[in-house]
Amino acid sequence: MWRSEVYGKLLHEKKREKRKQRKKLAEEREKAIEAGQVPPPKPEPKTLENTREKDDTIIRSDDEEIGEDLADDEFAQYFNRQVSPKVLLTTGRKPTAIMFKFLADLLHVFPDATYYKRNNHEIKKMCEYASKREFTDLVVINEDRKNINGMLVVHLPEGPTAYFRLSSLKLSKEIKGHGKPTRHRPELVLNNFSTRLGNRIGRMFASLFNQDPEFRGRRVVTFHNQRDFIFFRHHRYVFETKEDKGKAGKQKGIGIRARLQELGPRFTLKLQTLQKGTFDSKRGEYEWVHKPDMDTSRRRFFL
Amino acid sequence: MAAPCALRWAVGDENGVVRVLAAGPGLEGTNVVKKYGEMDRSRGVEKILAMPVEEQDDCRIVVGRKNGTVDVLEGQTGAVVATFECNKGRNTISQHARVRGMAFLQEHQKILMCSRGGGMAVHTTKDSWDRDSGSELKGPVDCAQVDRTHTCLAYGGEGRELSVVDLERQGDRAWRARQPEPNKMGVRPRAWLSAVDFVGRGPDLVLVGTADHEVRLYDTRAQNGHVMALPFGESRVTNIASQLDGSLVWLANAMGTLQKLDMRKHLLEATLRGPCASIRSLCHHPERMLLASAGLDRFCWIHDTVSRKTLYKSYLKNQLTAVCFLPEQDAKLVEEGDRAPTKALHGRSNPSTDPSARPPAKKKRGKGL
């Protein structure tokens, strides 16, 4: 009992100190505002993102060497507009009903996607067939006991190949107030792909969509990376004029607001492996593999 | 008292750029002191060697490239002293042009090179850089290595079991490995050798790594079949680096696993932590207990093989394909080129002059409150 009392007192002291500090800062702020001076800045709360461990591979915008390397990599032809994306969608070996519902949603997402039945083909053979038919990407959705759990993206003809773990899937019909997507080419939003690996994955996602979006369709696909989890969202947006009543520090008057309607599907991806070249699990080379001894800190992220 | 020497190593990447890095006493962290070559993916570096030059008390850097050319660069300036063609006079497709084996035969002052298609050439390095001889190996050659007595060349590849060739009677096959026995299912897997090295100083023991996650030891004096076979990792074995005394061999694979194989017990032991991508090149320091590795994760690692700690780790922006140690140099002579300082690890701002020294023992925590 004595030990827990001592610990309890210690915690209580800490809380008291914290409350005193906050009160002091609040009083200083009020005094400064009353005196007409600029108040001291509010202390920013520490989050995992802003206390992220420093990563040497984060790309700087002025890095010429990386720029030259990217100008010549596997995705360069796409970004130079020499090649348009053509995606081949397929499934694991024994798809169930939920797989077909997900595929129906995905076919609405990618502008130029075709579904082919798996028919027990090997992935290596599928890569060859798809390359011959001038597909630029092969996407294989994996399923385990009626649970969709993986997505393999193979960029053709020479790779790379990324395998993601897919989770938190919500189909369009399960989303409340969902809309029906049109056939307009969507805009693409890629957030927080800051490291060299993240940049490569971002370019891989970008190469699945056309370079020229149709803004008239007001459709947007978002890949948002946060703490190495990639959140996929599909929305339609509309800009509306709205009257501001002067609440929450905003000025009174007429402003423009964006309203979103989710079209679905919605899922989360986590990169497991990135392989150089096309799929070859036995003999291929890996550019990045997640290993448990890489998780040295909660503040370390790779994308 | 001798001036403190900086550890130096050269790293080549897939864009054909060669960087010389230095670290050690007198230098803060790891520095990229030289950078040679323009970015050109068709001239990506496949192999890299240090060629000591006695008169200049320095070394030249020999670089084998993806298009089958071998360049000899001046160590201090990077100027191209000579260029050779591995596939001269042969009709070779682009996939088979790349240099797969390179060796500097110090006693004869010659450079040996071979390409994936099987074209082998030997050039002299004294005065003229003429082609001394050329021959043909049975390709495709995915791995090739010359032993430390410079008498034999061991090579193998996709669909080709290990062959050992006598260098003096070039083209004459001295020894060839027998195919392994079929497995329980009656299937004999297709040969695909992806790494080879001679164990120790002699030309007799050869360790090979296959694309089917196996390492096999052959004794050329004893028999044609393998003496030992061990499964290693879950992907293609990419590199093998033997310690000079032959007691230990370091194995690397395409998933970034870097593990020690004890040659006396024939057991896989401890791993070196760090790399998370395919390790394209391994180099053991000729004198010290250090191992350099470079791979597709764009990092070059220097590990202390005794304590298994990472000494230096450098991020070099592009996918790295080759690494070798260069002769150590006085830290004051090491010129500062592109500054790419990286942390020297274990909280030390200047690593100890003796990298093989063990780190201090951890303090024990006191009990209770």
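The values are calculated or read from the model by the stated rules, or taken from the named source; none is laboratory data. The structure presented is a predicted model; accordingly, all values stated were derived computationally and were not measured. Glycine also receives a Cβ, built like all others from the backbone with ideal geometry; neighbour counts cover every protein chain displayed. Surface areas here come from the heavy atoms of the whole protein model, side chains and all, with no ligands, DNA or RNA. Shrake-Rupley method; radii C 1.70, N 1.55, O 1.52, S 1.80 Å.
Per residue of A:61-70, how many C-beta atoms from partner chains lie within 10 Å of its own C-beta, taken as a mean? Please report the intermediate quantities before stating the final value.
Details: counts 0, 0, 1, 1, 8, 2, 0, 5, 9, 0.
Taking all residues of A:61-70 together, the mean is 3.
Computed about the Cα centre, the dipole magnitude for the protein assembly as shown is approximately 4740 debye when only Lys and Arg (+1) and Asp and Glu (-1) carry charge, each at its Cβ. For B:LEU162, the residues 5 or more places off, or on other chains, whose built amide H falls under 5 Å of its own are B:ALA177. Work from the charge dipole of chain B (Cβ charges, +1 for Lys and Arg, -1 for Asp and Glu, about the Cα centre) and give the residue of B:MET289, B:PRO140, B:GLN329 farthest towards its positive end. In chain B, that residue is B:MET289. Using the Cβ-Cβ distance between A:TRP2 and A:ASN147 with R0 set to 35 Å, the FRET efficiency works out to roughly 0.10. Between the listed residues B:LEU153, B:VAL11, B:THR77, the Cα displaced farthest toward the positive end of the dipole of chain B, a dipole computed from Cβ unit charges relative to the Cα centre, is found at B:VAL11.
Remark on segment B:253-275: accessible area falls by at least 50 square angstrom from chain-alone to full-complex state for B:MET255, probe 1.4 angstrom. Comparing B:VAL53, B:VAL237, B:VAL206 in a Gaussian network model of chain B, where Cα atoms under 10 Å apart are tied by springs, the biggest mean-square fluctuation is seen for B:VAL53.
Accessible surface of A:LYS31, taken over heavy atoms with a 1.4 Å probe and every protein chain present, rounds to 140 Å².
Here the dipole of segment B:179-331 is about 360 debye; that uses its Cα centre as origin and unit charges on the Cβ of Lys and Arg (positive) and Asp and Glu (negative).
Counting partner chain Cβ atoms within 10 Å of every residue's Cβ in B:111-122, what's the average?
On the way: counts 0, 0, 0, 0, 0, 0, 0, 0, 0, 0, 0, 0.
What the average comes to for B:111-122 is 0.
Under a 5 Å amide H cut-off, with hydrogens placed 1.01 Å from N, B:THR238 pairs with B:ALA252, B:ASN253, B:ALA254 among residues at least 5 apart or on other chains.
Is the C-alpha gyration tensor of segment A:170-238 telling us rounded, prolate or oblate? Criteria: a/c under 1.5 is rounded; beyond that, a/b larger than b/c is prolate, otherwise oblate. Numbers along the way, then the final one.
On the way: a/c = 2.60, a/b = 1.42, b/c = 1.84.
Taking the square roots of the gyration eigenvalues as a ≥ b ≥ c, segment A:170-238 is oblate.
How large is the accessible surface per residue of chain B, computed with a 1.4 Å probe and reported in Å² as a whole number? It would help to have the intermediate numbers written out before the result.
Values: 16410 Å² over 369 residues.
Computed with neighbouring chains in place, this is 44 Å² per residue.
Keeping every protein chain present and rolling a 1.4 Å probe, give me the accessible area per residue for segment A:103-251 in Å².
Details: 8140 Å² over 149 residues.
I get 55 Å² per residue for segment A:103-251.
Label separation (A:ILE98 vs A:MET294): 2.8 nm, computed from points 7 Å beyond Cα along the C-beta direction.
Within the listed set A:GLY36, A:GLY253, A:GLY284, the Gaussian network model of chain A (springs between alpha-carbon atoms below 10 Å) gives the highest mean-square fluctuation for A:GLY36. Panel values: chain A, Kirkwood radius from alpha carbon pairs, Stokes-Einstein at 20 °C and 1.002 mPa s, translational diffusion coefficient 94 µm²/s.
Computed from phi, the 3J(HN,Hα) profile of segment A:14-31 under the Karplus parametrisation 6.51, -1.76, 1.60 (θ = phi - 60°) reads 4, 5, 4, 4, 5, 5, 4, 4, 5, 5, 4, 5, 5, 5, 4, 5, 4, 4 Hz, with x in place of Gly and Pro.
With a ≥ b ≥ c the root eigenvalues of the C-alpha gyration tensor of segment A:29-124, is it rounded (a/c under 1.5), prolate (a/b larger than b/c) or oblate? Walk me through the numbers before you get to the answer.
Working: a/c = 3.19, a/b = 1.93, b/c = 1.65.
The shape class here is prolate.
Using a probe of 1.4 angstrom, how much of the accessible area of the protein assembly as shown is carbon and sulfur, in percent?
Ligands and nucleic acids excluded, carbon and sulfur reach 48 percent.
When chains A and B come together, the accessible area they lose, probed at 1.4 Å and totalled over both chains, is close to 2600 Å². Quickly work out the A:ILE33-to-B:ARG148 label distance, labels modelled 7 Å from Cα along the C-beta direction, and quote it in nm with one decimal. Here the answer is 7.6 nm between the modelled labels. Go ahead and estimate [θ] at 222 nm for chain A from helices alone: -39,500 (n - 2.57) per DSSP H run with n ≥ 4, summed, over the residue count, rounded to 500. The per-residue figure over chain A is -8000 deg cm²/dmol.
So for chain A, averaging the separation of alpha carbon pairs under 8 Å that are six or more residues apart and normalising by length, what relative contact order in percent results?
Working: 507 pairs, mean separation 54.5, N = 303.
Computed over chain A, the figure is 18 percent.
Basic side chains Lys and Arg get +1 at the Cβ, acidic Asp and Glu get -1 at the Cβ, and with that the dipole of segment A:1-159 about its Cα centre reaches some 1700 debye. Take the Cα of B:GLU136, step 7 Å toward its Cβ, do the same at B:ASP212, and the gap between the two points is 2.9 nm. From most to least packed by mean Cβ count within 10 Å, the peptides B:322-328, B:279-285 give B:279-285, B:322-328.
Within 10 Å of the Cβ of each residue in A:274-285, the mean number of Cβ atoms contributed by other protein chains is 5. Per-residue 3J(HN,Hα) values for segment B:67-75, derived from phi via the Karplus relation 6.51 cos²θ - 1.76 cosθ + 1.60 with θ = phi - 60°, read 8, x, 8, 10, 10, 10, 10, 5, x Hz in sequence order (x marks Gly and Pro).
Look at the Cα gyration tensor of chain B: its axes a ≥ b ≥ c give a/c of at least 1.5 with a/b at or below b/c, and that counts as oblate.
How much net charge surrounds A:PRO213 when only the other residues with a Cβ under 14 Å from the Cβ of A:PRO213 are counted, with Lys and Arg +1 and Asp and Glu -1? Please report the intermediate quantities before stating the final value.
Values: positive: A:ARG81, A:ARG183, A:ARG185, A:ARG216, A:ARG218, A:ARG219, A:ARG236; negative: A:ASP112, A:GLU187, A:ASP212, A:GLU214.
Summing Lys and Arg as +1 and Asp and Glu as -1 gives +3.
Compute the label zone of A:LEU260 within segment A:183-206: residues whose backbone N is under 14 Å from the point 7 Å along Cα-to-Cβ. It comes to A:187-192, nothing else.
Projecting the Cα positions of B:GLN109, B:THR210, B:ALA195 onto the charge dipole of segment B:97-232 (unit charges on Cβ atoms of Lys, Arg, Asp and Glu, taken about the Cα centre) puts B:THR210 furthest along the positive direction. Amide hydrogen proximity for B:ALA82: with H placed 1.01 Å from N in the peptide plane, the residues at 5 or more positions away or on another chain lying under 5 Å are B:VAL72. Our summary gives chain B a relative contact order of 16 percent, counting only alpha carbon pairs under 8 angstrom and 6 or more residues apart.
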